């Protein structure tokens, strides 16, 4: 977790304690370390209209100006001013203190300083948006959240913050759309279901209220360790609604519950039901691939991992390597590496992808044969410091030809250096 994300998380908690729900949702607190990437942008169920930006993200607003009542200064302002990252971290720390004391104008001023130094700092935009929402400046808050989403479109928590701002303006349709979009990134996000239920009540959509509330209860039971109870509640959701995107999420979450009880077969069945309802649900491909791997079906695992990687793919990198090579690649959200190498029938090859340095990239790999058919796949079998490295060990190549090792990321983390070895 970066320090800037830590400060954002701290500010979120402060607002929740001071104001409660519908001002800021607490899901970011749980999800910072397990951020779920976005599905393919061409397949959204509901897309919230993007508000027109009225300000540049690096300057103070030109409309509905805020007049800080307190000029926030770093505590060591009389000493030699730090530069670069240290200065930005100090500004974030001071903004957190400003939030805690209720000085939202001061927090806005501090984030303006950060944005002068780093115009594309999404966390600063979000913190400024949260501060603006606390003083009732919803239009500019929505602009800030929108700018942040343009920079990092896969941050489901940012969608939720914007949804909260829409809801506070009475724009329940756009709020609903943003909460649904957040669930595309993280179908386990209990707070989005609670907000959807609240908006459904405000809109008089009584049938939807029960579905959303029941999903939230199932997730709460699951997180508290009552797995059997959660399975029953997710089954209730499926009984209430067996055709919508929410039903796909119910099957997905029930699959996770089954898998946590070592019932991979039932998990595979539920992941398949989720995919029948939502064919682009990349997390169901990931989960089903993991379950197939647990059952020893590496070929099916590889096929599902490949589907997941290609749904998320935003950048494809093609390189030619040889058996015996180790290469370093830079992983990012949606980056997929296609590493081709020549192999001979009967060769035994071990392929690994491991995070380097202080990063925790959750590598995901799939091996394709000369006809580009998936032969094997893996997530997390390679161990590593945090257990996120992937490995296909001692795989015997079935024929002569050109093989492809496809490398991307799973869900725990996806930005940083990865070393890929084929030996």
If we keep only residues of the range 197-237 that are without any contact (Cβ under 8 Å) to a residue 24 or more places away in the chain, over 20 Å from residue 178 (Cα atoms) and surrounded by 20 or more Cβ atoms within 10 Å (Cβ to Cβ), then the residue farthest from the chain's Cα centre (by Cα) is 233
Checklist entry - Out of curiosity, is residue 188 under 19 Å from the mean Cα position of the chain (by Cα), buried (at least 16 other Cβ atoms within 10 Å of the Cβ), not assigned by TED's automatic domain parsing to the domain that holds residue 159 and not in a helix (DSSP H, G or I)? => result yes
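Residue-wise test of (1) part of a helix (DSSP H, G or I); (2) closer than 24 Å to residue 387 by Cα.
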{"position": "285", "(1), (2)": "yes, yes"}
{"position": "311", "(1), (2)": "yes, no"}
{"position": "329", "(1), (2)": "no, yes"}
{"position": "351", "(1), (2)": "no, yes"}
TODO: Scan the range 227-235 and give yes if some residue there is over 23 Å from residue 313 (Cβ atoms) and in a loop (DSSP other than H, G, I, E, B), otherwise no.
DONE: no
Checked the range 393-416 for anything closer than 15 Å to residue 337 by Cβ and either at pLDDT 95 or above or part of a loop (DSSP other than H, G, I, E, B) (or both); matches are 403, 404, 405, 406, 407, 408, 409, 410, 414, 415
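Mind listing whichever residues of the range 364-388 are at pLDDT 95 or above and within 21 Å of the chain's Cα centre (by Cα)?
Of the range 364-388, the ones at pLDDT 95 or above are 364-379.
Selection gives 364, 365, 378, 379.
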### Query
Can we say residue 299 is surrounded by fewer than 20 Cβ atoms within 10 Å (Cβ to Cβ), within 22 Å of the chain's Cα centre (by Cα) and closer than 25 Å to residue 271 by Cβ?
no
Given (1) at pLDDT 95 or above; (2) in a helix (DSSP H, G or I); (3) farther than 20 Å from residue 284 by Cβ, residue 248 misses just (3)
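Of the residues 179, 159, only one is buried (at least 24 other Cβ atoms within 10 Å of the Cβ), at negative phi and without any contact (Cβ under 8 Å) to a residue 24 or more places away in the chain; which? Walk me through how you get there before you give the answer.
Numbers: 159 fails: without any contact (Cβ under 8 Å) to a residue 24 or more places away in the chain.
That would be 179, the only listed residue that is buried (at least 24 other Cβ atoms within 10 Å of the Cβ), at negative phi and without any contact (Cβ under 8 Å) to a residue 24 or more places away in the chain.
Anything in the range 355-372 that is touching a helix residue (DSSP H, G or I) at 6+ places or on another chain (Cβ under 9 Å) and either outside the structural domain of residue 345 (by TED's automatic domain parsing) or part of a loop (DSSP other than H, G, I, E, B) (or both)? List them, or say none. Let's see the steps before the verdict.
Of all residues in the range 355-372, those touching a helix residue (DSSP H, G or I) at 6+ places or on another chain (Cβ under 9 Å) come to 360, 364-368.
360 - this is the single residue of the range 355-372 that is touching a helix residue (DSSP H, G or I) at 6+ places or on another chain (Cβ under 9 Å) and either outside the structural domain of residue 345 (by TED's automatic domain parsing) or part of a loop (DSSP other than H, G, I, E, B) (or both).
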Taking the range 80-119 and keeping only residues that are within 20 Å of residue 152 (Cβ to Cβ) and free of Cβ contacts under 8 Å to residues at least 40 places away in the same chain, one is left with 85, 91, 111, 114, 117, 118
Cβ pairs under 7 Å, 6+ apart or interchain, first in the range 274-301 and in the same structural domain as residue 264 (by TED's automatic domain parsing) and farther than 16 Å from residue 411 by Cα, second in a loop (DSSP other than H, G, I, E, B) and at pLDDT 95 or above, ordered by first then second residue, are 274/281; 275/281
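Please determine, by comparing only the residues of the range 390-416 that are over 16 Å from residue 346 (Cα atoms) and over 19 Å from the mean Cα position of the chain (by Cα), which one is surrounded by the most Cβ atoms within 10 Å (Cβ to Cβ).
Step by step, filter the range 390-416, then rank; the result is 390.
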inquiry  = Going residue by residue through the range 137-145, is there one that turns out to be outside any helix (DSSP H, G or I), over 19 Å from the mean Cα position of the chain (by Cα) and surrounded by fewer than 24 Cβ atoms within 10 Å (Cβ to Cβ)?
reply    = yes
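The values are calculated or read from the model by the stated rules, or taken from the named source; none is laboratory data. All figures in this text were calculated on a predicted structure; none of them were measured in a lab. Don't worry about glycine lacking a Cβ; one is built from the backbone with ideal geometry, like all the others, and counts go over all protein chains shown.
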